[in-house]
1. Do you know which residues across region 22-39 are within 18 Å of residue 51 (Cβ to Cβ) and over 10 Å from the mean Cα position of the chain (by Cα)?
2. With the requirement that a residue be of a type outside the set (Lys, Arg) and over 21 Å from residue 35 (Cα atoms), what does region 1-23 give you?
Amino acid sequence: MKRIGILGVDALTEELIRGLFQAVPDAQVFLWPGNSERAQKLAREFPCWTMGNQQAVIDEADVIIISVANIALNELSNCVQWRNSKTLISLVHVPSHKH
């Protein structure tokens, strides 16, 4: 697990990246959205690459971590091609429907 893609760069994934590089210093991380201030900062501190689109992250990484809003997750599933050989980890909060 050295090539990791992150779709949705936020405070949670930033902390995850910091911990990851403590445990696996030679990891390679691909970030989207690459134009976010947080992603740019991480790319300066760690071996992270900022990517122009979601598909580029998926193509480069073996493990994909998704941390985008639930609505964006639906859009994401319609605009990218997934391969069965990828490991997918979702950090998306799904609200429970209590009756």
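No value in this document is a laboratory result; all are computed from the given coordinates. Only a predicted model underlies this, so the values are computations on that prediction, with no experimental measurement involved. Cβ placement follows ideal geometry from the backbone for every residue including glycine, while neighbour counts extend to all protein chains displayed.
1. Passing the criteria: 27, 28, 34, 35, 36, 37, 38, 39.
2. 1, 19, 20, 21, 22, 23
Table: residues versus (1) in contact with a Ser or Thr (Cβ under 7 Å, 6 or more places away or on another chain); (2) more than 13 Å from residue 67 (Cα to Cα); (3) among the aromatic types (Phe, Trp, Tyr).
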{"site": "11", "(1), (2), (3)": "no, no, no"}
{"site": "16", "(1), (2), (3)": "no, no, no"}
{"site": "25", "(1), (2), (3)": "no, yes, no"}
{"site": "30", "(1), (2), (3)": "no, yes, yes"}
{"site": "42", "(1), (2), (3)": "no, yes, no"}
